[in-house]
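K.L.:
Encoded as structure tokens, here's the structure I'll be asking about.
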Amino acid sequence: MKKLTTLIFSLIIQLTYAQVNEITLDEPQASFFNLSNFKILYLNSTYTEMNARNRDAIYMDHLVYFRYDIAKNQNIRWVPVYSNTFSQKNQKSYQGEYAYSSLRYYINNILTEDKHGLSLHFQNRNYIFDGEDRNRGYDSYHRGYFFLSKNTDNFTFELNTYAQIYNRNGRDPNTNTWRTMCGTFAYYNFNDNWGLGFGSEWYTDNRDGKKKIGDDRMVLYLPYLRYNKGKGFVELYATYTAAKSGDGDHSIIIDDFHENGSLTLDIGYYIL
């Protein structure tokens with residue numbers, strides 16, 4: 001039932017895209033498989049705890065985006081992820097393992113700034129996890145993303161939101177059933193390459209079992225520095241858990257968020 005809902009939801013988005021842009025989904029192409037439509041992006045994401053007292057490890061994720069453009073403004077991506085942990089607590093250690101894969105479907109430019117005054121994009125992401133995560137009570141989860149943005153002079157304003165459905169396997173009855181997220185970001189663009197911004201994301205989790213009421217959490221991104229040129233880009237940002245609730249208690253706790261942050265460096269490059 002959940003898979004059927006996801007397919008119907010994706011179909012509605014495609015029909016909306018076709019109507020807004022006045023095109024048909026079966027627009028003819030020279031060939032479905034064309035090597036010129038194939039791209040590979042490598043992304044290295046390295047992060048650690050901000051608080052020196054808790055900084056006992058550095059984590060590194062290696063993401064490879066295999067992208068294929070199936071039509072104008074539409075593409076699919078398969079993203080396997082391999083993770084490393086560099087620990088310095090008590091003794092130095094190194095661990096590496098396959099983490100998860102995701103299969104993604106993108107629809108860009110459902111709305112465009114030149115025609116509608118703002119941009120709207122959609123993503124469907126499907127995350128498939130390894131055995132360790134399955135022991136936590138779910139095999140995968142599926143997201144429907146919307147991204148809305150507006151450019152004004154040197155500023156960019158973004159609003160993104162998603163609904164996430166978990167594919168549970170029954171090993172933990174208190175596993176989340178679904179999650180919603182809403183995020184807002186603002187960037188100042190110094191030029192075509194440099195940008196500085198900040199933002200926040202609000203998460204709400206819901207679950208069944210004995211703990212039917214989920215948790216809330218707000219995460220701050222401050223600051224968010226990014227640089228892009230040619231086929232590469234670099235992003236440096238700090239994230240802080242600024243407020244949260246737990247165990248079904250929706251009374252928000254405002255933490256000393258400067259002690260509950262992490263620092264992340266992302267480096268990406270298009271190989272093809």
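K.L.:
What is the sum of charges, Lys and Arg at +1 and Asp and Glu at -1, for the other residues whose Cβ falls under 14 Å from the Cβ of Ser102?
P.N.:
Combined, the nearby Lys, Arg, Asp and Glu give +1.
K.L.:
Going by accessible area, probe 1.4 Å, with all protein chains left in place, what is the ranking of Leu236, Leu272, largest first?
P.N.:
Reading off the accessible areas and sorting them downward yields Leu272, Leu236.
K.L.:
Please compute the net charge surrounding Tyr68, taking Lys and Arg as +1 and Asp and Glu as -1 over other residues with Cβ under 12 Å from its Cβ.
P.N.:
Here the charged neighbours net out to +3.
K.L.:
On the protein heavy atoms, probe 1.4 angstrom, tell me the percent of accessible surface of segment 144-226 carried by carbon and sulfur.
P.N.:
58
K.L.:
Please list 3J(HN,Hα) in residue order for segment 95-111, calculated via the Karplus relation 6.51 cos²θ - 1.76 cosθ + 1.60 where θ = phi - 60°; whole Hz, with x for glycine and proline.
P.N.:
Going residue by residue, I get 9, x, 7, 5, 9, 6, 10, 9, 10, 10, 10, 10, 10, 9, 6, 4, 10 Hz, with x marking Gly and Pro.
K.L.:
Can I ask one more? Excluding Ser119 itself, calculate the net charge of residues whose Cβ lies under 14 Å from the Cβ of Ser119, where each Lys or Arg counts +1 and each Asp or Glu counts -1.
P.N.:
-1
K.L.:
Another question, if that's okay. Would you kindly state how much longer the chain becomes between Thr161 and Leu148 on full extension, computed as 0.36 nm times their sequence separation minus their alpha carbon distance, in nm to one decimal?
P.N.:
Stretched fully, the Thr161-Leu148 segment lengthens by 3.8 nm.
K.L.:
Here is the link list: Lys72/Lys150; Lys39/Lys150; Lys39/Lys72. Which ones come out longer than 24 Å on Cα distance?
P.N.:
Table pairs above 24 Å Cα-Cα are Lys39/Lys150.
K.L.:
Separate question: Keeping every protein chain in place, order His116, His62 by accessible area at 1.4 Å, biggest value first, i.e. largest first. List each step's numbers first, then the result.
P.N.:
On the way: His116 80, His62 45 Å².
Ranked list, largest accessible area first: His116, His62.
K.L.:
Another question, if that's okay. Let me know the Kirkwood hydrodynamic radius for segment 153-221, please, with Cα pairs as the basis and the value in Å to one decimal.
P.N.:
It is 14.2 Å.
K.L.:
Counting only residues 5 or more places away or on other chains, whose amide H sits under 5 Å from the amide H of Phe155 once H atoms are built in the peptide plane?
P.N.:
Placed amide hydrogens put Asn189 under 5 Å from Phe155.
The values are calculated or read from the model by the stated rules, or taken from the named source; none is laboratory data. Here the structure is a predicted model, which means the values were calculated and not measured. Reconstructed Cβ throughout: ideal geometry from the backbone, glycine too, with neighbour counts over all protein chains shown. Accessible surface areas use protein heavy atoms only, side chains included; no ligands, DNA or RNA. Shrake-Rupley method; radii C 1.70, N 1.55, O 1.52, S 1.80 Å.
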